[in-house]
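Data first, discussion second: the structure below is written as structure tokens.
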Amino acid sequence: MGLLREGINEVIATTRGNAAPMGIIVRDEKITMVVFRESHTAARLSSHGWVAANFLVDPVVYVKTAFDDLPASAFMEEIAGDIPFERLVAAEAWAGFRAEIERTTREALVVRLSPVCEHIIKPTVHPVNRGFNSIIEASIHATRWMRTRDPALALLIRHHTGVIRKCGGPQDLEALSLLLSYIPDLSEE
Ligand SMILES: Cc1cc2nc3c(=O)[nH]c(=O)nc-3n(C[C@H](O)[C@H](O)[C@H](O)COP(=O)(O)O)c2cc1C
């Protein structure tokens, strides 16, 4: 399976001119994504039929791309299998996939991925850090909270905020402060 592992791989998915954290699901050698229909990623997957999975452990990029856009200078083109992929300049590794819409539900596209290429650019060791892991958790809950305003999600975000403050490094704390700036209404919950 190369760079991906069995289970859900939380990568930064790049499509044309766009980046967002997305889960790539690997089960029994089948690779899929479930992408909310209203996202830019869904629109670009449908139009262009490719996606790149970017592997990097930068909490600020996860938060920024979950809520906002990156500048054009953050992307670079890589042609593989005749596909003009766009990956993040900052990626430590990346993999390119053809993307085919397998099914459409009321809320999401179920997308089947076929590997085209993968490259390791700068192998780096990342010690396990609960602060970084909690940035990922808090960011997912925050994107859902923005849509639902579910108070249970607000509680989870508060829990992960505590873990990030206790276990995180300076980058995790910067990512936390960026995350909280995107969800100012949370304090009213
Ligand atoms: C770690 C993480 C994983 C996510 N996984 C998914 C996913 O698998 N599918 C999805 O539709 N949204 C997922 N999201 C939410 C999207 O990143 C978010 O809705 C984003 O705004 C979509 O950006 P876009 O409109 O540029 O595509 C995830 C968010 C985070 C933080």
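Observations on the structure shown:
- Label point 7 Å beyond Cα of GLU6 along Cβ direction - residues of segment 84-106 with amide nitrogen under 13 Å: none
- Apportionment of accessible area to carbon and sulfur, segment 1-69, percent (1.4 Å): 45
- Cα-projected label distance for ARG98 with ASP150, points at 7 Å along beta-carbon direction, nm: 3.6
- Taking chymotrypsin sites (Phe, Trp or Tyr not before Pro) across segment 15-58, none is in a DSSP loop with at most 10 further Cβ atoms lying within 10 angstrom of its Cβ.
- Accessible area (Å², per residue) of segment 110-179, counting only protein heavy atoms and a probe of 1.4 Å: 58
- Separation in nanometres of the label points that stand 7 Å from Cα toward Cβ, at ARG106 and MET76: 4.5
- Taking every C-alpha pair closer than 8 Å and separated by at least 6 residues, the mean separation divided by the residue count of the chain gives a relative contact order of 20 percent.
- FRET E, pair ARG158, THR124, Förster distance 30 Å, beta-carbon r, rounded to 0.05: 0.45
The values are calculated or read from the model by the stated rules, or taken from the named source; none is laboratory data. As the structure is a computational prediction, the values presented were derived from the model and not from experiment. Cβ: placed from backbone, ideal geometry, glycine included. Neighbour counts: every protein chain shown. With ligands, DNA and RNA removed, areas are computed over all heavy atoms of the protein, side chains included. Shrake-Rupley method; radii C 1.70, N 1.55, O 1.52, S 1.80 Å.
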